[in-house]
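The values are calculated or read from the model by the stated rules, or taken from the named source; none is laboratory data. Note that this is a predicted model, so its numbers are computed, not measured. When we count neighbours, we look across all protein chains shown, and the Cβ atoms used for this are built from the backbone with ideal geometry, even at glycine. Ligands, DNA and RNA are excluded from the accessible area calculation, which covers all protein heavy atoms including side chains. Shrake-Rupley method; radii C 1.70, N 1.55, O 1.52, S 1.80 Å.
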Amino acid sequence: MADPKGFMTTPRQDWPRRPVEERARDWDEVYVPGALLPIISKQAGRCMDCGIPFCHDACPLGNLIPEWNDLVSREDWRAASDRLHATNNFPEFTGRLCPAPCEAGCVLAINQPAVTIKNVECAIADRAVEEGFAPPRPPERLSGKTVAVIGSGPTGLAAAQQLTRAGHTVAVYERDDRLGGLMRYGIPAFKMEKHHLERRLEQMRAEGTKFRTSTAVGRDVGAEELRTRYDAVVLATGATAWRELQVPGRELTGIHQAMEYLPLANRVREGDLETSPLSAAGKHVVIVGGGDTGADCLGTAVREGAASVTQLDIYALPDAERDEDTEPWPTYPMRVYRLSAAHEEARDLRTAPVAHADARLFAASTLRFDGDAQGRVRSLHLVEVDARRRPVEGTGRTLPADLVLLALGFSGPDREDGLVDQLGLTLEPRGTIARDSGFATNVPGVFAAGDAARGQSLIVWAIAEGRAVAAAVDRHLTGSSRLPAPIGPYDRPMAV
């Protein structure tokens, strides 16, 4: 480590966000441009290069965090980029979108603020682009083997890049008109501007990966046809089958899934639409679901000019610090109060005066929706619940609601395209694609990775799955593989 006392002499300093009043009027990333590099070397110097770096175990990619922290503290950006890209294909994605389980596992986090690992990662990735430290790496020779990757989210892209670099001819099939999966149409631009995605896609094209957009496998091209055309197929379709809310009034107009709402807002930013047909402008918006997708809806509705926005979370208001009995270090504490950029905006702009300061109503369960004579939703009835989700008597209340967004998560792959049924894939009881210890499905030559098989997870797990399934496919095609496999299909985050 560059400074053995860095963690004692340097307080934690995060990448500052732009003022709420400024950023809520645009769709640019929420952070102050250029404000990270002046502070990041000292922040990296807080890393103690622990004898047992628990940040490694907390990160499914096995990122070499103490190594690149040390290199950044010495401002050796090229070497830091090499170490970062050795384990992560897309660090600018994770540096912006991952909730950083590595920081929860930082040894400093036992009794003081963790190292700003996520910010350091982002700084390295952005510097690598600026300085050309991550050029395309086309293979020296081709293997003669072909692979189809279905899905262009982080899992599909990571698998495709690894397999292309190993010398296989890879084609990525994407049912949408643009590449990126949820990173394209599910993640708002204020969390990650799309030029970061475009740069990586250009890198992959230069390496030799082929892309086929607007092609739904199972509908536009038969799944069995694809299987016979390629030596191996990787299913990385994601878990896009959304969960429903079965309460009276669900059929009313104006109640939509989050992933119906967010893609339209993103298409406005792409220039496809002048305004979204589901725009929150001037409406009273209620978001049902307290996770990251709900927060993305919140930030989007604020920028669209909603009259009010309230987010319902069925869990109780979390504590400010982790509960060491139920979520001890170094596990990732799920029930800790966090203030995302969207919640900060809602708090400062007072988008929901009836809710908690940051627009969230905690321990809130939806009972029913009421509408007007035209069948449009107008109000949402809710009740407070206890720790076992039982209604608390006398706590019922009604919120005005012209637009309701359901952000309740996803259960498994979407089956509408026919891919699962055409291949005859075996599914797990929860609806995900079954696979063995080598990521192989019950269909020879067909592999499954990412949320489609693991279930809804984090972007860092998605990339790790893509790298691991690439090693499995490479081994299947050639008999052996030198590609890294950071995780197995049954690995899970650290837990008590």
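The residue that is nearest to ALA189 (Cα to Cα), among those in the stretch 89-108 that are open to solvent by 10 Å² or more (accessible area, probe 1.4 Å) and of a type in the set (D, E, K, R), is ARG96.
Counting just the residues of the stretch 1-31 that are aliphatic (A, V, I, L, M) and at pLDDT 95 or above, which one comes out surrounded by the fewest Cβ atoms within 10 Å (Cβ to Cβ)? Filtering first and then ranking leaves VAL20. The set of residues in the stretch 120-141 being surrounded by 14 or more Cβ atoms within 10 Å (Cβ to Cβ) and either in contact with a strand residue (DSSP E or B) (Cβ under 8 Å, 6 or more places away or on another chain) or closer than 18 Å to GLU193 by Cα (or both) consists of GLU121, CYS122, ALA123, ILE124, ALA125, ASP126, ARG127, ALA128, VAL129. Do we have any residue at all in the stretch 419-432 that's farther than 30 Å from ALA363 by Cα, open to solvent by 10 Å² or more (accessible area, probe 1.4 Å) and among the basic types (Lys, Arg)? Among the residues of the stretch 419-432, not one is farther than 30 Å from ALA363 by Cα, open to solvent by 10 Å² or more (accessible area, probe 1.4 Å) and among the basic types (Lys, Arg), which makes the answer no.
Of the residues contained in the stretch 28-48, one or more are found to be under 19 Å from the mean Cα position of the chain (by Cα), of a type in the set (D, E, K, R) and not in a helix (DSSP H, G or I).
Within the stretch 363-378, being in a strand (DSSP E or B), open to solvent by 20 Å² or more (accessible area, probe 1.4 Å) and free of Cβ contacts under 8 Å to residues at least 60 places away in the same chain holds for SER365, ARG378.
Go through ALA86, ALA80 for me and flag whichever is open to solvent by less than 10 Å² (accessible area, probe 1.4 Å), of a type outside the set (S, T, N, Q) and either within 25 Å of GLU198 (Cβ to Cβ) or modelled with pLDDT of 95 or more (or both).
Numbers: ALA86 fails: open to solvent by less than 10 Å² (accessible area, probe 1.4 Å).
Checking each option against the conditions leaves just ALA80.
Conditions tested, residue by residue: (1) over 30 Å from LEU367 (Cα atoms); (2) touching a Lys or Arg at 6+ places or on another chain (Cβ under 9 Å); (3) modelled with pLDDT of 95 or more; (4) open to solvent by 60 Å² or more (accessible area, probe 1.4 Å).
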residue	(1), (2), (3), (4)
PRO188	no, yes, yes, no
LYS194	yes, yes, yes, no
GLU202	yes, no, yes, yes
PHE211	yes, yes, yes, no
THR215	yes, yes, yes, no
THR237	yes, yes, yes, no
GLU244	no, yes, yes, yes
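Report yes if some residue within the stretch 142-160 is touching a Pro at 6+ places or on another chain (Cβ under 7 Å) and open to solvent by 10 Å² or more (accessible area, probe 1.4 Å); otherwise report no. Taking every residue of the stretch 142-160 in turn, none turns out to be touching a Pro at 6+ places or on another chain (Cβ under 7 Å) and open to solvent by 10 Å² or more (accessible area, probe 1.4 Å).
Have a look at VAL233, VAL221 and point out the one that is open to solvent by less than 10 Å² (accessible area, probe 1.4 Å), over 29 Å from HIS343 (Cβ atoms) and among the β-branched types (Val, Ile, Thr). Even if it seems obvious, please write down each step before you answer.
Details: VAL221 fails: open to solvent by less than 10 Å² (accessible area, probe 1.4 Å).
After applying the criteria, what remains is VAL233.
Taking the stretch 248-362 as the region of interest, the strands (runs of 3 or more DSSP E) fully inside it that hold 2 or more residues being surrounded by 21 or more Cβ atoms within 10 Å (Cβ to Cβ) are 284-288, 308-313, 360-362.
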